[in-house]
Amino acid sequence: MKLIIGFGNPGREYNFTRHNFGFLALDFYAKIHNLAFKSEPKFFADTARTDDIIFVKPQTFYNRVGESVAKLVKFYKLDPASDILIVCDDFDLPFGTLRSREQGSSAGNNGLKSTVDHLKTTQFHRLRLGTNNPLLRKTLGDVDFVLSKFTPEEREELPNILTEAEKIITKF
């Protein structure tokens, strides 16, 4: 069993925001592979399933996603180092950059911090999706930046970025 967890915030007002890039990547994957998400309150998440993979969109808000991840890991008795892939935004990476790693620090990402705190390990795979737009970030500040919508120019690039993310998720 594998868990593929996309980070984001619940609620339509967060659709197409930088912090919901993980949700967007999983929604794109689900559309291509004809999967449907359903609510699973016991895991604080919406999930979609195949035979041996659970796709997860935590519904706890970004800074508390570790609660949902930990419940799933415990329930399914999974090994974070081999069975989990986190898909999240990274505002330090240039927009459109994808970085895949098997382990590492949270690098200031509050969703990763929450996950590390709840799992008590940094040993899990992560796919970071770059969202940085230096001018916009400087203008808005970090908090408002991560909650801002993609610009029209960025939205035009999303299909290519999400296609690359889908390939990495499939490989995992």
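The values are calculated or read from the model by the stated rules, or taken from the named source; none is laboratory data. Quick caveat: nothing in here was measured; it's all calculated off a predicted structure. Counting neighbours? That spans all protein chains shown, and the Cβs are built from the backbone with ideal geometry, glycine included. Each accessible area value is taken on the protein alone, full model and side chains, heavy atoms only, with ligands, DNA and RNA left out. Shrake-Rupley method; radii C 1.70, N 1.55, O 1.52, S 1.80 Å.
A count restricted to the range 28-80 and to residues that are open to solvent by 60 Å² or more (accessible area, probe 1.4 Å), within 13 Å of I4 (Cβ to Cβ) and among the charged types (D, E, K, R) stands at 2. On the stretch given as the range 1-27, residues that are assigned to a helix (DSSP H, G or I) and open to solvent by 80 Å² or more (accessible area, probe 1.4 Å) total 2.
Being under 11 Å from F91 (Cβ atoms) and surrounded by 16 or more Cβ atoms within 10 Å (Cβ to Cβ), is that true of even one residue in the range 149-156?
Keep residues of the range 149-156 that are under 11 Å from F91 (Cβ atoms), which gives none.
Looking through the range 149-156, none of the residues is under 11 Å from F91 (Cβ atoms) and surrounded by 16 or more Cβ atoms within 10 Å (Cβ to Cβ).
Looking at A107, A36, just one residue is assigned to a loop (DSSP other than H, G, I, E, B) and over 22 Å from L147 (Cα atoms), and that residue is A36. Within the range 55-104, the residues that satisfy the criterion of being in a loop (DSSP other than H, G, I, E, B) and either on the phi > 0 side of the Ramachandran plot or of a type in the set (D, E, K, R) (or both) are F61, K77, D79, G96, E102, G104. Looking across the range 129-148, just one residue is among the polar types (S, T, N, Q) and open to solvent by 50 Å² or more (accessible area, probe 1.4 Å), and that is T139. Can you confirm whether N132 is of a type outside the set (A, V, I, L, M), in contact (Cβ under 8 Å) with a residue 40 or more places away in the chain and over 16 Å from F23 (Cα atoms)? So N132 passes the test.
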